[in-house]
Structure formats: structure tokens, C-alpha cells
Amino acid sequence: MTATLPAPERPGATTPAPLAPQARLWPSLAAVYRSQLSRARVARIPLLFVATFQSVGIMILMRGVVDAGPGDEARAVVAGSSVLVVAFVALNLLAQYFGRLRAEGGLDFYATLPVPGAAVALGTAAAYASFTLPGVIVTAVAGCLMYGLPLSGLWLLLAVVPLAGAALAGLGAAVGLLAPRAELATLCGQLGMSAALLLGVLPASRMPEPITWLRDLLPSTYGVEALAQALGPDADWGSVTANLAVCAAAGAVALALATWAYRRAAGR
């Protein structure tokens, strides 16, 4: 019987080191969130100023044609203008950011990190949406004082801002990642913000029926409806809860779409 000798190792041959395990989702999400938050901190004040000034200016213009008081029109203007701050940052600017990141090859850096794709998409979206809360509060308080609405219903912003922010940030990230060019991502983000402006500020009763169908497709509409009802004298809290639930479901779908779009763009 002949024994089989092991093959001699080649000079300089090395055994490849095992790859590090991929980080878990929640720690990775927190790390990406803190990183994006610190990077965007420099631009926070200009972003908040522009978004808030734009929404307050719209309320001032609408004050010339909408009477003060607890009517549907006044509550729609205040609620729609408040959520518009979220749309400006979470939808418009996030679409531009991811479109530019994809065009400049910035996704290659994130693709080399041992973090899940969902952490990158969700962490960045959450960081951008976090900037909107101070501007939303300023806009809502100014609108209530301007239109004679009670301030007691503004506590609902604690639910409206994260839910509408998640939905719009998910859409903004998906648009930026799926657009073939950065210029198209910027254009789509601007169009989305314009849709949030035109369809969110005016009450549905003043719109033609085909326009209301488009309004129902915009996820932030349900956050606007919930906030508008909370600003009224006799809020239907069952309807408020239903609108918030729809907004939350739309946000989950939008964030899932953003995660898929990130994986698709990073894998190319």
C-alpha cells in the first residue's frame, strides 16, 4: 500500500482570512443615523430656514382668501403647510442626495461596509427626516395663531411628523436611487414636493374628483388629514387613528422600496 503524501505548499502561499460577519441591523442603523446626522448638521439651519420660510409664506398668501376660524379650509392650510416642511426635506432633498451619491459613485463606499443595505437607506432617511421637527412646530404654531385655531391639537405632531417623514423619506430615497441621472432625481424630487404643496394645502372638497384620486395616492395626505381633524373643535379620533394607520402602512411600503432600490443600485 502506497501512502499518499500531502502536496507541498507553494512558496509565499497564504491562507485567506475569513471575512468579518455582517453587522446586525439595529446597531448598523444607529451608526448610519449618527453619521448622517453629524454630516448634515452644518446644513441644518439653512435647510430649516428655507423649508419653514416657504411654508409660513404660503400660509400668509392663503390668509388673503381663507377666513380664520375652525373651518375646513383654515385647518387644511395649516396642516398642509406644516407637513410641507417634511416634504421639502425628506422628499425633495433626500432625492437629490441619493441621486448625487449614485452619480458620483458614493454608493461604492457603503457597499464595502459590512452593514445591511436596509441600515444605509433607513438611517439616511431618518437623519434627514429628523431635521423637520423644529420647522414643523414653528409652522404649525404660527399657522394656528394666524388662523385662530387651538394649539391643543398640536400634540399630534409627535405622531404625524415621524409617520409622514418615513413615508416621504422612503419615496425620496427610492426616487434618488432609481433615477438614471442625478438631474432626473432632482426633477422628480421637485415635482413630488410640488404635489405635496398643491394637493396637501387645499381641502379635498374644493378639488375635482380626478385630482382627489391623485391626492389619495400621496402618503403624506393622510398625515395632513389627521392633523387637520385634530385642530378642529370636535375631532373624530377614530378617523384620526385610521389616517395615521394608513400613513404608517404607506411609510413601511416606501421604506421597503427604498431598501430594495439601494440594494439594486449598490449591486450594479
Connecting C-alpha atoms closer than 10 Å in a GNM of the chain, tell me which of MET62, MET146, MET207 has the biggest fluctuation. MET207
If I stretch the segment between VAL141 and ASP72 completely, what's the gain in nm (0.36 nm per residue apart, minus their alpha carbon distance), one decimal? 23.1 nm
Could you rank the peptides 78-87, 182-191 by their average count of other C-beta atoms within 10 Å per residue, with the highest value first? 78-87, 182-191
For region 60-68, in order, what is each residue's ³J(HN,Hα) by Karplus, 6.51 cos²θ - 1.76 cosθ + 1.60 with θ = phi - 60°, in whole Hz (x at glycine and Pro)? 5, 5, 6, 5, x, 10, 10, 6, 6
Where ARG102, ARG75, ARG181 fall by accessible area, highest first, once all protein chains stay in place (1.4 Å): ARG181, ARG102, ARG75
What is the spin-label model distance, in nm, from ARG263 to ASP234 if the labels are put 7 Å beyond Cα along the C-beta direction? 5.0 nm
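Taking only DSSP H segments of four or more residues, each worth -39500 (n - 2.57), what value at 222 nm results for the chain once the sum is divided by all its residues, to the nearest 500 deg cm²/dmol? All intermediate terms of the calculation are to be shown ahead of the outcome.
On the way: 12 runs with 188 residues, N = 268.
Value at 222 nm, helices only, nearest 500: -23000 deg cm²/dmol.
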Whole-percent carbon and sulfur share, accessible surface of the chain, 1.4 Å: 67 percent
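So how do LEU29, LEU197 rank on accessible area, 1.4 Å probe, biggest first, that is with the largest at the start? Mind dumping the intermediate values first?
Numbers: LEU29 30, LEU197 55 Å².
Ranked list, largest accessible area first: LEU197, LEU29.
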Which semi-axis lengths, in whole Å and largest first, follow from the square roots of five times the eigenvalues of the Cα gyration tensor of region 199-268? 30, 16, 8
Report, in degrees rounded to the nearest 10, the 0 to 90 angle that the Cα long axis of helix 117-130 makes with the longest principal axis of the chain. 30 degrees
Using alpha carbon centroids, what distance separates region 56-98 and region 106-150, in Å? 17 Å
Using the heavy atoms of the protein chains alone and a 1.4 angstrom probe, what is the accessible area of the chain per residue in square angstrom? 52 Å²
Would you mind checking the tilt of helix 25-40 against the longest principal axis of the Cα atoms of the chain, expressed as 0 to 90 degrees and rounded to 10? 60 degrees
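The values are calculated or read from the model by the stated rules, or taken from the named source; none is laboratory data. Treat the numbers as computed from the prediction; the structure is a model and nothing was measured. Ideal geometry is used to build each Cβ from the backbone, glycine not excepted, and the neighbour counts take in all protein chains shown. What goes into the accessible areas is simple: the full protein's heavy atoms, side chains included, and nothing from ligands, DNA or RNA. Shrake-Rupley method; radii C 1.70, N 1.55, O 1.52, S 1.80 Å.
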